[in-house]
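Structure first, then comments.
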Amino acid sequence: MKRICFLFNHDQTHQVAHSLPIALALAARGGHRIVLAYARDAIRAEIERQADPALLARVELVRLGLKRADTRLLAGALERLVPATKLLIYRDNLDFFRSFDAVVVSEKTTLLLKTRYGLDNVKLIHTRHGAGDRAIGFNPESAGFDLVLVSGPKIRDRLIKDAGLKPEQIALVGYPKFDLCANNRFADSFPAPERPTVLYNPHPSPKLSSWFRHGAAVLEAFRNQDRYNLIFAPHVMLFERKWVVTVDPPSLAQVVPPGPEFAREPRIHIDTGSAASSDMSYTNRADIYLGDVSSQVYEFLRAPRPCLFLDSHGVDWRGDPNYLHWQAGPVLESPEGLLDAIDAAVASHPDYAPVQQALIDATFSLSDRPSAERAADAITAFLEGQKRG
């Protein structure tokens, strides 16, 4: 019996659904001891909201915290700007992590356990989060994991080409988030729900996002019109702090939230960070996707529908694998005439539908077997030293 920790060490809940289904699948088998470790009470609440109670009863839930006084002081000084607690959790809980055969995570800061703290005997397994095209998802850090679970051949091939992973480090498992979230759907209260609904889903990175330059104009386009409903549900980290700091690409910007006039508009639903922002409730409800570089476009395209994208930074995107998803619909350089552009995107969707399907086939390797079960198979085989097919 192996001891396996599923670590949920993030400020927000958006990564939970990428690894929780795998933990529950392993727990149902009963062959290993499964521990779910979390650092925030909101994460535990999201785990309990999404998990089958009968399966959750078969795992151990552990809350991690900062134990040292100097660590708590440092985190308090920095937390308003950067996720200091998230990074310092590792140093204060090394004995906890050392007790496991494997730690399963959806993000990369856990590599500190190896690179900084020397826990080489603990296997690190990466589930990734999302299936997008941003360069940060394929940087060399990915090669630091002992096993990487990927959703489809697009991800596998690019990890080998760009991040230097060996094929034996990778398991093709599908998309476990679909096992939990594919049937979620936002129950809207629009006064005319029969009107087509647009989902505007900007990314938080100031050098990639459309929000900082064009977001207010996008929202303004949907005021005082009767053609579309709008769901404004950005990446949950956009409004997590007053300032957004990103490492790749390096950027810093103050975040200005939408004005109260937009919240008063009945045709506009604003959600700046609830669980619905990342559990597919909105991607399943919307008829049209409007965004920039968020990986949620692929969750939306699980059922191909019209898309359009805002290029707020004058990107030379054609042929760039970091913008592969921009082949799924028209690309706008400004929100001027946005509603007419949405009309045109809807009308031209038949031209883009084959491309969208090809993108989905490359991004998600799905089968009749649930993705979480395939991921559980891969983890079990890896830890038991079996050769994966």
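Of the residues R128, R134, R116, which single one is open to solvent by less than 30 Å² (accessible area, probe 1.4 Å) and touching a residue at least 24 places away in the same chain (Cβ under 8 Å)? Please lay out each step first, then the result.
Working: R134 fails: open to solvent by less than 30 Å² (accessible area, probe 1.4 Å); R116 fails: open to solvent by less than 30 Å² (accessible area, probe 1.4 Å).
Among R128, R134, R116, only R128 is open to solvent by less than 30 Å² (accessible area, probe 1.4 Å) and touching a residue at least 24 places away in the same chain (Cβ under 8 Å).
Condition check ((1) among the polar types (S, T, N, Q); (2) loosely packed, with under 15 Cβ neighbours inside 10 Å; (3) closer than 27 Å to N284 by Cβ; (4) touching a residue at least 24 places away in the same chain (Cβ under 8 Å)) across all residues:
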{"residue": "K177", "(1), (2), (3), (4)": "no, no, yes, yes"}
{"residue": "N184", "(1), (2), (3), (4)": "yes, no, yes, yes"}
{"residue": "P206", "(1), (2), (3), (4)": "no, no, no, yes"}
{"residue": "S209", "(1), (2), (3), (4)": "yes, no, yes, yes"}
{"residue": "G215", "(1), (2), (3), (4)": "no, no, yes, yes"}
{"residue": "L230", "(1), (2), (3), (4)": "no, no, yes, yes"}
{"residue": "M237", "(1), (2), (3), (4)": "no, no, yes, yes"}
{"residue": "E265", "(1), (2), (3), (4)": "no, no, yes, yes"}
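Within the range 196-220, work out how many residues are in a strand (DSSP E or B) and either acidic (D, E) or farther than 16 Å from P335 by Cα (or both). Steps first, please.
Let us first name the residues in the range 196-220 that are in a strand (DSSP E or B), namely 197-201.
Restricting the remaining residues to those that are either acidic (D, E) or farther than 16 Å from P335 by Cα (or both) gives 197.
Residues flagged as in a strand (DSSP E or B) and either acidic (D, E) or farther than 16 Å from P335 by Cα (or both) within the range 196-220 amount to 1.
Just to be sure before I move on: is V173 surrounded by 17 or more Cβ atoms within 10 Å (Cβ to Cβ), within 30 Å of V245 (Cβ to Cβ), of a type in the set (A, V, I, L, M, F, W, C) and at pLDDT 95 or above in the structure I sent? Steps first, please.
Numbers: surrounded by 17 or more Cβ atoms within 10 Å (Cβ to Cβ): yes; within 30 Å of V245 (Cβ to Cβ): no; of a type in the set (A, V, I, L, M, F, W, C): yes; at pLDDT 95 or above: yes.
It is false that V173 is surrounded by 17 or more Cβ atoms within 10 Å (Cβ to Cβ), within 30 Å of V245 (Cβ to Cβ), of a type in the set (A, V, I, L, M, F, W, C) and at pLDDT 95 or above.
Looking at the range 126-135, can you tell me whether even one residue there is part of a strand (DSSP E or B) and farther than 15 Å from R374 by Cβ? Give the derivation first.
Step one: filter the range 126-135 for residues part of a strand (DSSP E or B), giving 126.
Now restrict to residues that are farther than 15 Å from R374 by Cβ: 126.
The answer is yes, given that some residue of the range 126-135 is part of a strand (DSSP E or B) and farther than 15 Å from R374 by Cβ.
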Checklist outcome for this item: Quick count over the range 316-369, residues being surrounded by 20 or more Cβ atoms within 10 Å (Cβ to Cβ), outside any helix (DSSP H, G or I) and within 22 Å of the chain's Cα centre (by Cα), is 2
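From the set of residues in the range 190-204 that are open to solvent by less than 30 Å² (accessible area, probe 1.4 Å) and over 24 Å from the mean Cα position of the chain (by Cα), which is farthest from S278 (Cα to Cα)? Show your work before the answer.
Narrowing the range 190-204 to residues open to solvent by less than 30 Å² (accessible area, probe 1.4 Å): 190, 192, 197-204.
Checking which are over 24 Å from the mean Cα position of the chain (by Cα) leaves us with 190, 192.
On the way: F190: 20, A192: 24 Å.
Checked the range 190-204; the qualifying residue farthest from S278 (Cα to Cα) is A192.
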Next on the checklist: Among the residues in the range 284-302, are any among the small types (G, A, S), modelled with pLDDT of 95 or more, surrounded by 18 or more Cβ atoms within 10 Å (Cβ to Cβ) and within 14 Å of the chain's Cα centre (by Cα)?
Outcome noted: yes
Checklist entry - Would you pick out the residues in the range 371-382 that are surrounded by 19 or more Cβ atoms within 10 Å (Cβ to Cβ) and either at positive phi or not acidic (D, E) (or both)? => result S371, A372, R374, A375, A376, A378, I379, F382
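The values are calculated or read from the model by the stated rules, or taken from the named source; none is laboratory data. Given the structure is predicted, the values throughout are model-derived calculations rather than measurements. Glycine also receives a Cβ, built like all others from the backbone with ideal geometry; neighbour counts cover every protein chain displayed. We work out accessible area using only protein heavy atoms, side chains counted, and drop any ligands, DNA or RNA first. Shrake-Rupley method; radii C 1.70, N 1.55, O 1.52, S 1.80 Å.
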